[in-house]
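Right, one structure below, let's go through it.
The values are calculated or read from the model by the stated rules, or taken from the named source; none is laboratory data. As the structure is a prediction and not an experimental result, all values here were calculated from the model. Here Cβ is always computed from backbone atoms with ideal geometry, including for glycine, and neighbour counts include all displayed protein chains. Note: accessible area is taken over every heavy atom of the protein model, side chains too, but ligands, DNA and RNA are not part of it. Shrake-Rupley method; radii C 1.70, N 1.55, O 1.52, S 1.80 Å.
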Amino acid sequence: MKKISKFILYIYIVLLIFAGIDLIFTSFRQNYPWPNLILANYSLRSYNYLLKDKKFMVGLFNSLSIGLCSSLLSLIMAIPLAKKLYYKQKAFKMISFVVFLPFLIGATSIGLGLQLFFKQMGFAGSKILIIICQCLLIIPYEVRIIRPAYSFLGDNIIYAGKMLGASDSNIRKEIIFPILAPFIKTALIMGFILSISDYYLTLVLGSGLVETFMTVAFPFFVSRDRAISSTISILFLLINIIFIIIVEIIFRLIFRSKKWTL
């Protein structure tokens with residue numbers, strides 16, 4: 001069984017590497033003279049086009065701002081919700097049902113319902129509306145990630161801190177946060193990726209007035225321009241990788257300044 005698992009893993013790694021190399025070559029390739037695919041014409045047309053496209057740059061900036069806001073806001077709400085659900089506090093069944101309700105109801109139903117509701121209130125086509133609605137979809141994922149963290153945070157650890165004279169703020173800073181930090185980091189990254197990769201909900205709630213990375217990129221995928229589609233895919237991967245690296249550096253700097261171990 002282990003040999004089969006390793007064999008499948010190696011095949012998966014080879015396919016990923018091959019797909020990545022092909023994606024990079026396709027972003028520069030302009031034609032496909034079969035069977036000489038490697039000897040095709042190469043240029044920077046797709047990269048130059050996207051850099052000069054103001055609509056794409058505006059969509060990229062909007063996605064970054066919406067992604068940061070929605071992931072941070074949903075994280076702030078997910079932490080107390082995860083605590084309440086783990087310790088099964090009062091009305092935790094009702095809270096659990098409400099939190100994980102987006103898993104049962106599709107994004108299509110949520111998007112259309114919220115669009116009609118907020119349109120009557122005059123908030124249709126705004127970034128704030130998109131951020132609020134994305135939080136509703138991100139929170140269940142972040143709660144699922146953070147909730148197991150409280151199994152490492154026993155009451156004995158907190159009581160020991162209080163017996164040693166630590167205040168509530170010191171307990172939160174020196175005990176609770178270091179234990180929850182790896183889970184918070186993962187939840188934050190997950191929330192950002194979900195936000196920036198969202199297409200349909202952003203399109204519906206934005207009423208076509210708010211351009212984001214995916215709403216601008218989707219027409220290129222439909223037009224079957226392989227070079228630009230590959231370039232957009234590479235940029236999407238780079239954005240997520242850079243965000244992961246930045247979050248990782250921030251947490252490492254915090255832990256290094258406090259002399260904690262990550």
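Over the chain, what is the mean sequence separation of C-alpha contacts under 8 Å (at least six apart), divided by residue count, expressed as relative contact order in percent? Intermediate results must be reported in sequence, preceding the final value.
Working: 249 pairs, mean separation 78.4, N = 262.
That works out to 30 percent.
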Rounded to two decimals, the Debye log10 I(q)/I(0) of the stretch 142-261 (Cα scatterers, no solvent) at q = 0.20 Å⁻¹ is -1.11
Straight-line reach from LYS119: which aspartates and glutamates have a Cα under 20 Å away, not including same-chain ones fewer than 8 places off?
GLU211
Cα-based helix-to-principal-axis angle, 54-86 vs the chain, degrees rounded to 10
30 degrees
Accessible area per residue, 1.4 Å probe, Å², for the chain: what's the number?
62 Å²
Among the lysines, select those whose C-alpha is under 20 Å from the C-alpha of LYS185, and discard any that sit fewer than 8 residues away in the same chain.
LYS83, LYS84, LYS173, LYS258, LYS259
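With all protein chains present, how much of the accessible area of the chain (probe radius 1.4 Å) comes from carbon and sulfur, to the nearest whole percent?
On the way: 11550 of 16310 Å².
Carbon and sulfur atoms account for 71 percent of the accessible area of the chain.
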Rounded to 10°, Cα long-axis angle of helix 107-121 versus longest principal axis of the chain
80 degrees
Output ordering of 176-187, 62-73, 233-244 (per-residue mean of other Cβ within 10 Å, highest first) is 62-73, 176-187, 233-244
Ratio of alpha-carbon Rg to the 2.2 N^0.38 Å globular estimate for the chain, to two decimals, please.
1.24
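So how many Å³ per residue does the convex hull of the Cα atoms of the stretch 64-204 work out to?
Values: hull volume 17.2 nm³, N = 141.
Spelled out: Cα convex hull of the stretch 64-204, divided by residues, is 122 Å³.
Order these peptides, 128-135, 44-51, by their mean beta-carbon neighbour count within 10 angstrom, highest first. Intermediate values should be presented prior to the final figure.
On the way: 128-135: 20.8, 44-51: 15.1.
The densest-packed peptide leads the list: 128-135, 44-51.
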